[in-house]
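Single-structure report; data block below.
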Amino acid sequence: MLEALWARGSATVRELLESGYEKLAYTTLMTTLDRLFKKGLLTRSEEGRAFRYRPRVSREELHREEARHSFRQLLDSSPTSNLPLSFLVEIVGEQDVKLLDDLGKLVERKRRDLNENRARRNGRQEGGE
Amino acid sequence: MFFLRGFLVSCSMAVIMYVGLSAIIGAASSMALRVAARGSAKSGADFLFLMRLSPLLFAMLVTVAFVVPSFLLLEPQHAIEPFGFGPLLLSIAGFLGVAWGLGNGVGALRRADRQIRAWTITASSFEIQPRGAFLLVSRAADVPPLAAAGILKPKILVARETESVLNERELRCALRHEREHVRRHDNLRKLLLRLIPFPGTGTLEQAWREASEMAADDAAVSNASEAVDLAAALVKLSRSVSLQPPAELTTALVHSPASAVNSRVERLLAWKEPARPRWSHRFLLSCSITAVVLTAVASVYPQTLFFVHSATEWLVR
């Protein structure tokens, strides 16, 4: 639902129903939006007899907040605060190694493509001569 | 007394303008980032840096061009007027701000100096052709893989392993990247930012640092093959970087975890011939805008002085 609101900018319950949430009941959608509003994720303004809902936070801000919450939970979960932190550094390190491997492969593929193109161009020039 | 009052009033006005504009610039960071992303990395970096400096430049310009002349010309020298505490407090706040900035800058300079001395204590210099104006390359044991360090005469430092990790083409591209940082005086710019700290402008400064890295990447490559060489250098050197903050007042080819070089590598792999900037049009446009602004300022200068003087009168009372 948040994805739909981020994409549209704002919407009423009726507009969301018409844009891909036909399977949900009107009241279900309304209740969910109301809960999101009460959680502070949406703002709303009256429009006729309905409400128009807008996301209060961007996708990036929400992800950042979720990450912050998860990290805080992780750090609070252990009596020794260094332990989860060292796990975190380890995980980030593993992610980095994987990412660098992927980037390395991309670079090698691009280099191969460029060399092949160059060889093909040279071959065509020699054939022409 | 007259000159002391003039000095305090000028300082207070400069402080008000600097703080107000800095707060606005800090709040409008995301908008500035969007504008900077529209052009090339170089123009984006220049724009972001100018935005960050603009409160200081504007405050200084308005103070020198309007506040001081309006006080000297329109304030009666021998009049005895009540003088509130406002200008005094604002001036003190301004001086404290300047002292804080200077302390920040001097501290950063000292730390950078210590770091460079530690890095270069066992360094030996060597040359790689073509030799640039500042391309004194030193080899040291524990420096970042490749860095430009120093403010006035920056040195390009290459760690011993870097030479063996990179092939010749990759090393040349990487050195050109650092030479561009030296040419653009990026370390000096970092020092300037240290001198004018202001809460809420961190996003803008971080965006400038990223844009300046990309601008140096762009300047270091002139075809797709060189772009791939630089991307390869970034990936190879990122493997040897540990998670630690970059050294003070130093630009390094890689100084952050892999996720930060991801966008630079992808950008280099999608390298395309940059469009030639239309300098004649830009130059004409800049000249026209400058001429219009100067004419407008000149035509309303006397009225502006009166307005500024009224504002300073209000401040004094």
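In table form, for the structure just shown:
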read-out: Close pairs (7 angstrom Cβ cut-off, 6 or more residues apart or separate chains): more than 14 Å from B:Glu248 (Cα to Cα) in the range B:146-166, among the charged types (D, E, K, R) and crowded, with 20+ Cβ neighbours inside 10 Å anywhere; value: B:Leu146/B:Glu178; B:Ile156/B:Glu178; B:Ile156/B:Arg179; B:Val165/B:Lys236; B:Leu166/B:Lys236
read-out: Residue list for the range B:216-230, restricted to those being surrounded by 23 or more Cβ atoms within 10 Å (Cβ to Cβ) and of a type in the set (A, V, I, L, M); value: B:Ala216, B:Ala220, B:Ala227, B:Val228, B:Leu230
read-out: Residues satisfying the stated conditions in the range B:223-239, i.e. facing chain A (nearest Cβ under 7 Å) and either within 16 Å of B:Glu273 (Cβ to Cβ) or of a type outside the set (A, V, I, L, M) (or both); value: B:Ala224, B:Ser225, B:Val228, B:Ser238, B:Arg239
read-out: All positions within the range A:56-89 that are at pLDDT below 70 and within 13 Å of chain B (Cβ to nearest Cβ); value: A:Leu85, A:Leu88, A:Val89
read-out: Test: residue in the range B:189-207 that is crowded, with 20+ Cβ neighbours inside 10 Å, farther than 30 Å from B:Ser22 by Cβ and either within 11 Å of another protein chain (Cβ to nearest Cβ) or at pLDDT 90 or above (or both); value: no
read-out: In the range B:270-317, the residues that are in contact (Cβ under 8 Å) with a residue 24 or more places away in the chain and closer than 30 Å to B:Leu88 by Cβ; value: B:Thr304, B:Leu305, B:Phe306, B:Val308, B:His309, B:Ala311, B:Thr312, B:Leu315, B:Val316, B:Arg317
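The values are calculated or read from the model by the stated rules, or taken from the named source; none is laboratory data. Worth saying up front: this structure is predicted, and the values here are computed from it rather than measured. A quick note on method: Cβ atoms are made from the backbone with ideal geometry, for glycine too, and the neighbour counts reach across all protein chains shown.
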